Amino acid sequence: MKEKLIVALDVSTRDQAFELVKQLDGEVGAFKIGMQLYNSEGPDIVRDIQRIGGKVFVDLKFHDIPNTVGQTSRVMVRREAFMFTLHASGGFKMLKAAADSCADEAALLKVDKPLLLAVTVLTSISQDAFNNEIGLSGTIEQQVTKWAALAKQAGIDGVVCSPWEISAIRHACGENLLIVTPGVRPAWAAKGDQERIMTPKEAIARGASYLVVGRPITAHTNPVEAVKMIVAEMEEGAKAL
Ligand code: C5P
């Protein structure tokens, strides 16, 4: 189960990130670098974390015209990202440009292709904000399911969504699509700005492929202990599968 746990390194300095990676190396499946750390330390942070801690999930949520996202996806191959994100709302052509460019670049370089993940509706968005601020109609679940199907059709490997939408996506898209869920909160952790949350046990029991957890681990007084408690909860959830 620990291979399915990804730690979000939402810190601003290389030193803080290294401290967490050194403590958690071997205890989790991968480390996620998001816009905070990437923009503070620059692209070399990806290689630095790979050197000391293995697999890196680059979470920069690309959203641009197909050519720009396609070319940037090639860069992700060259950086040997384990996973990276792009917005499903970029549309079919953008998603397909990324999937095709990645496959092509990986074949050219004879390296592993990163897993491409389409971000659906952010886990911090409530149903009310979805309808009245973003201005989309219908339920979040309907939109997430629609985008998941679109991403799958475009050759994307998986989606990022709230654990609340796992069952609907599995029903619509089958077992092969990866489902990566942030918005995971053990009962003992603070909710923070996340809205559509679930515990690690429930998220795994519903069929999540990977869980992304940040603050419950990084803000814990003992991150290793926090990881052990979360992995134990995930093991519990796996029994229900
Ligand atoms: O600290 P916390 O566990 O809330 O961190 C969740 C991580 O997952 C953050 O790095 C956030 O950027 C990311 N994320 C998210 N919701 C999405 C996509 C990514 O919370 N839909």
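The values are calculated or read from the model by the stated rules, or taken from the named source; none is laboratory data. Nothing here was measured: the structure is a model prediction, and the numbers come from that model. Methodologically, a virtual Cβ is constructed for each residue, glycine included, from the backbone with ideal geometry; neighbour enumeration extends over all protein chains shown. Note: areas computed on protein heavy atoms with side chains; ligands, DNA, RNA excluded. Shrake-Rupley method; radii C 1.70, N 1.55, O 1.52, S 1.80 Å.
I'm checking my understanding of the structure. Among residues of region 157-172 that are farther than 17 Å from Leu241 by Cβ and β-branched (Val, Ile, Thr), which one is farthest from the ligand (Cβ to nearest atom)? Checked region 157-172; the qualifying residue farthest from the ligand (Cβ to nearest atom) is Val159. Among the residues making up region 149-172, a single one is assigned to a strand (DSSP E or B) and either open to solvent by 40 Å² or more (accessible area, probe 1.4 Å) or under 17 Å from Ala103 (Cα atoms) (or both): Gly158. Just so you know, in region 105-141 the residues that are touching a residue at least 24 places away in the same chain (Cβ under 8 Å), part of a helix (DSSP H, G or I) and not small (Gly, Ala, Ser) include one that is surrounded by the fewest Cβ atoms within 10 Å (Cβ to Cβ), and it is Leu109.
Of all residues in region 69-104, those being within 16 Å of the ligand (Cβ to nearest atom), open to solvent by 20 Å² or more (accessible area, probe 1.4 Å) and among the hydroxyl-bearing types (Ser, Thr, Tyr) number 1. Considering only residues in region 173-219 that are modelled with pLDDT under 95 and among the β-branched types (Val, Ile, Thr), the one that is most open to solvent (accessible area, probe 1.4 Å) turns out to be Ile197.
Condition check: within 18 Å of the chain's Cα centre (by Cα), part of a helix (DSSP H, G or I) and either near the ligand (Cβ under 9 Å from one of its atoms) or not aromatic (Phe, Trp, Tyr) (or both). Does Glu175 satisfy that? Answer is no for this residue.
The selection criterion, being more than 10 Å from the ligand (Cβ to nearest atom), polar (S, T, N, Q) and either under 18 Å from Gly29 (Cβ atoms) or in contact with a Phe, Trp or Tyr (Cβ under 8 Å, 6 or more places away or on another chain) (or both), does not hold for Gln127.
Only one of the listed residues (Glu80, Glu3, Glu27) is within 17 Å of Pro114 (Cα to Cα), in contact (Cβ under 8 Å) with a residue 24 or more places away in the chain and assigned to a loop (DSSP other than H, G, I, E, B). That residue is Glu80.
When Gly237 is tested against the conditions (1) within 19 Å of the chain's Cα centre (by Cα); (2) away from the ligand (no atom under 11 Å from the Cβ); (3) touching a residue at least 24 places away in the same chain (Cβ under 8 Å), the lone failure is (1).
If only residues of region 181-223 that are more than 16 Å from the chain's Cα centre (by Cα) and hydroxyl-bearing (Ser, Thr, Tyr) are counted, the one that is farthest from the ligand (Cβ to nearest atom) is Thr221. Of everything listed in (1) surrounded by fewer than 17 Cβ atoms within 10 Å (Cβ to Cβ); (2) within 14 Å of the chain's Cα centre (by Cα); (3) assigned to a loop (DSSP other than H, G, I, E, B), the single unmet condition for Asp10 is (1).
Suppose the filter is assigned to a loop (DSSP other than H, G, I, E, B), open to solvent by 10 Å² or more (accessible area, probe 1.4 Å) and within 16 Å of the ligand (Cβ to nearest atom); does Leu60 pass it? Considered against the rule, which asks whether it is assigned to a loop (DSSP other than H, G, I, E, B), open to solvent by 10 Å² or more (accessible area, probe 1.4 Å) and within 16 Å of the ligand (Cβ to nearest atom), Leu60 comes out as no.
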